[in-house]
Amino acid sequence: MKKEEVNFGKTDNFNLTMIPGSFAKKMRTCLIWQFIRFLAINIKMLVVVSKSH
Amino acid sequence: MARLVVLGGGVSGHTAATFAAKWLGSAHEVVVVTPNSKWNWIPSNIWVGVGQMTKEEVTFDLAPVYAKAGITYKQAKAVSLNPEGNESSDKSFVTIEYTGQDKAGTTENIEYDYVINATGPKLNFGATEGLGIGSELGEHTVSVCTADHAEHASHELEKCIEAMKAGTRKKFLVGTGHGMCTCQGAAFEYIFNIEHELNKAGVRDMADIKWISNESFLGDFGMGGLHMKVGGYVVSSKLFAESLFAERNVDWMIGAHVSKVEAGSIDYELLDGTTGKESFDFSMLIPPFAGVGLKAFAKDGEDITSTVFAPNGFMKVDANYGAGAYENWKASDWPRTYQNPTYSNMFACGIAFAPPHIISKPMSSPNGTPINPTPPRTGMPSGIIGKAVAHSVCDLITKGDAAHLHEASMAEMGAACVASAGKGIFTGTAAAMTVYPVVPDYEKYPGTGRDTDYTFGEIGLAGHWIKHILHHLFIWKAELKPGWTLIPE
């Protein structure tokens, strides 16, 4: 069984949602990708901040 | 010379006081009344609570900062307001009781031209039997609401980790300690930081971790949830929150009102009316909030507390408190200027203002127990409102009573929020979110109530970096270090 599929069987709550696979989880801590996301999130946040003042 | 008195030195009060002092200069006086000697960057208490930061890293002494800003600092708690003065004077005043500065217990009347109530919440542990007494934390659970609480929580967590390393299985229960709590986000951060630390310590397989919350669905966060554009879909925060819990093997119980806390267990009631007990070895339950209990008196000494304050103790402002049933609620019910409708020289900001109603859909059990999150007024909105109120008061002082009041409706402002899910410069993660507006406006945005172009969320290391940077940035700003005014709220 794939690692990401293990938790689906643990509770009914878990069984009815989505669980990220190994690629999605790896990207969460991939330095290059996260640096790009860091820039993107900062820009998005600055836009919301500027709309709120 | 006019005098502005700011009651409270948290995010909102500190923002209001420091900007007012900067804008008014030495021509007028700004007084801050706060019972605390230290300022606390509360969002980082989460990391103190898992031993990843010290109390000293999230706090600093207020006295030197206020001295630098030219602010008169009174380490005291506000007791009562006399907006009409008393029989011997027409001048408005606030009665305070010192908690420090070698005058603890003594009282003083401070006259004011304008007052900003930013007293924040009373941590109402006493609302749940066994959770605590009044605003004092009880002995059965821990808290991360203050830096001292978080330090205590960290020690208790360390004891659990040691026991697990010795082979004893432990049950962790984290969430809200009453049906009317807010601040689910803090509990959300804490439960995933615990999970992260247990993994790091190599004892995750010895732990059962469970979430208990008054939300009717995971991801409500007191804002009725939010919808985001992801992968070409517009999806509810429910799906993302449930996904994270399932991925990290954290079970949940929602729609829960904790009615009693005992050593090692809680009693709860669910939205469907069922009741039960849940055991724990370690539990962090957020208390409900209430106003700090300020009283108000008319000139003749008559108690006018109910005129100035809502029944929950928060100050009435320019909100529509008569909206009635949920179906009638509108974004325009929410206050814009935060001016008290009875006394125009009184304002409230941050948690201290009385919201017109909750944001989430109101719910109660068949037994009549209300179980729904109360609206969040912390973080970015709190700072923005504090600054807007300071701006209004400064204009009233310098331009006169006809000055235009500045507006900051939570139904027209967005918020950026970063919820930590584990600390580590290369291994940490956090959910970075923006929501626009904070209070959904179903007339302007039919469907989700919010602008999905500006409402988003994602989890990753980038979010952790942002939270870490914000920690340093906001403490820098609060200490009024060079360039502090350039850092947005």
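The values are calculated or read from the model by the stated rules, or taken from the named source; none is laboratory data. Quick caveat: nothing in here was measured; it's all calculated off a predicted structure. So basically every Cβ, Gly included, is an ideal-geometry build from the backbone, and we count neighbours across all protein chains shown.
Of all residues in the stretch B:242-267 being at the interface with chain A (Cβ under 9 Å from one of its Cβ atoms) and among the charged types (D, E, K, R), which is nearest to B:T141 (Cα to Cα)?
Filtering first and then ranking leaves B:D251.
Would you confirm whether any residue within the stretch B:415-423 is within 13 Å of chain A (Cβ to nearest Cβ), closer than 29 Å to B:I191 by Cα and surrounded by fewer than 22 Cβ atoms within 10 Å (Cβ to Cβ)?
No, because not a single residue in the stretch B:415-423 is within 13 Å of chain A (Cβ to nearest Cβ), closer than 29 Å to B:I191 by Cα and surrounded by fewer than 22 Cβ atoms within 10 Å (Cβ to Cβ).
Just the residues that are in a helix (DSSP H, G or I) and crowded, with 24+ Cβ neighbours inside 10 Å, please, taken from the stretch B:39-57.
Within the stretch B:39-57, B:S44, B:N45, B:I46, B:W47, B:V48 qualify.
Looking for whichever is in contact with a His (Cβ under 7 Å, 6 or more places away or on another chain), among the hydrophobic types (A, V, I, L, M, F, W, C) and touching a residue at least 12 places away in the same chain (Cβ under 8 Å) here; the options are B:W47, B:W39. Which one fits?
Unique residue meeting the criteria: B:W39.
Determine whether the stretch A:29-44 contains at least one residue that is among the β-branched types (V, I, T), assigned to a helix (DSSP H, G or I) and within 30 Å of B:H406 (Cα to Cα).
Yes; the residues of the stretch A:29-44 include at least one that is among the β-branched types (V, I, T), assigned to a helix (DSSP H, G or I) and within 30 Å of B:H406 (Cα to Cα).
Of all residues in the stretch B:8-29, which are touching a helix residue (DSSP H, G or I) at 6+ places or on another chain (Cβ under 7 Å) and either aliphatic (A, V, I, L, M) or free of Cβ contacts under 8 Å to residues at least 12 places away in the same chain (or both)?
B:V11, B:A16, B:A20, B:A21, B:L24
Pick out the one residue from B:H152, B:H140 that is in a helix (DSSP H, G or I) and either over 18 Å from the mean Cα position of the chain (by Cα) or under 21 Å from B:P311 (Cβ atoms) (or both).
Just a single option satisfies the conditions, and that option is B:H152.
What number of residues within the stretch B:19-38 satisfy the criterion of being within 20 Å of the chain's Cα centre (by Cα) and either under 18 Å from B:A421 (Cα atoms) or crowded, with 22+ Cβ neighbours inside 10 Å (or both)?
Qualifying residue count for the region: 3.
Can you tell me which residue within the stretch B:82-102, out of those that are touching a Gly at 6+ places or on another chain (Cβ under 8 Å) and assigned to a loop (DSSP other than H, G, I, E, B), is surrounded by the most Cβ atoms within 10 Å (Cβ to Cβ)?
Ranking the qualifying residues of the stretch B:82-102, first place goes to B:S92.
Looking at (1) modelled with pLDDT of 95 or more; (2) within 17 Å of the chain's Cα centre (by Cα), which is the only condition B:M380 fails?
With (1) modelled with pLDDT of 95 or more; (2) within 17 Å of the chain's Cα centre (by Cα) applied to B:M380, the lone miss is (1).
Counting only residues that are within 20 Å of B:K122 (Cβ to Cβ) and either of a type in the set (G, A, S) or out of contact with any Phe, Trp or Tyr (no Cβ under 8 Å at 6 or more places or on another chain) (or both), how many does the stretch B:349-371 have?
5
Does the stretch A:12-32 contain any residue that is more than 8 Å from every other protein chain (Cβ to nearest Cβ), among the polar types (S, T, N, Q) and out of contact with any Cys (no Cβ under 9 Å at 6 or more places or on another chain)?
yes
Sort through B:T374, B:T342, B:T398 and tell me the only one that's away from chain A (no Cβ under 14 Å) and either modelled with pLDDT under 95 or crowded, with 24+ Cβ neighbours inside 10 Å (or both).
B:T374
Report, by residue number, each residue of the stretch A:4-23 that is loosely packed, with under 14 Cβ neighbours inside 10 Å and part of a helix (DSSP H, G or I).
A:E5, A:V6, A:G9, A:D12, A:N15, A:S22, A:F23
Tally up the residues in the stretch B:287-331 that are buried (at least 16 other Cβ atoms within 10 Å of the Cβ) and assigned to a helix (DSSP H, G or I), please.
The total comes to 3.
For B:L405, all conditions in the list (1) without any contact (Cβ under 8 Å) to a residue 40 or more places away in the chain; (2) more than 14 Å from chain A (Cβ to nearest Cβ); (3) part of a loop (DSSP other than H, G, I, E, B) hold save one; what is the number of the exception?
(1)
Please specify each residue of the stretch B:442-489 satisfying the condition of being among the aliphatic types (A, V, I, L, M), farther than 16 Å from B:G422 by Cα and more than 21 Å from the chain's Cα centre (by Cα).
The answer is B:L480, B:L486.
Tell me the strands (runs of 3 or more DSSP E) entirely within the stretch B:203-264 that contain at least 3 residues that are crowded, with 22+ Cβ neighbours inside 10 Å.
Where strands (runs of 3 or more DSSP E) fall fully within the stretch B:203-264 and carry at least 3 residues being crowded, with 22+ Cβ neighbours inside 10 Å, they are B:207-212, B:256-262.
Hey, among B:E458, B:E489, which residue is of a type in the set (D, E, K, R), outside any loop (DSSP other than H, G, I, E, B) and facing another protein chain (nearest Cβ under 8 Å)?
Answer to the check: B:E458.
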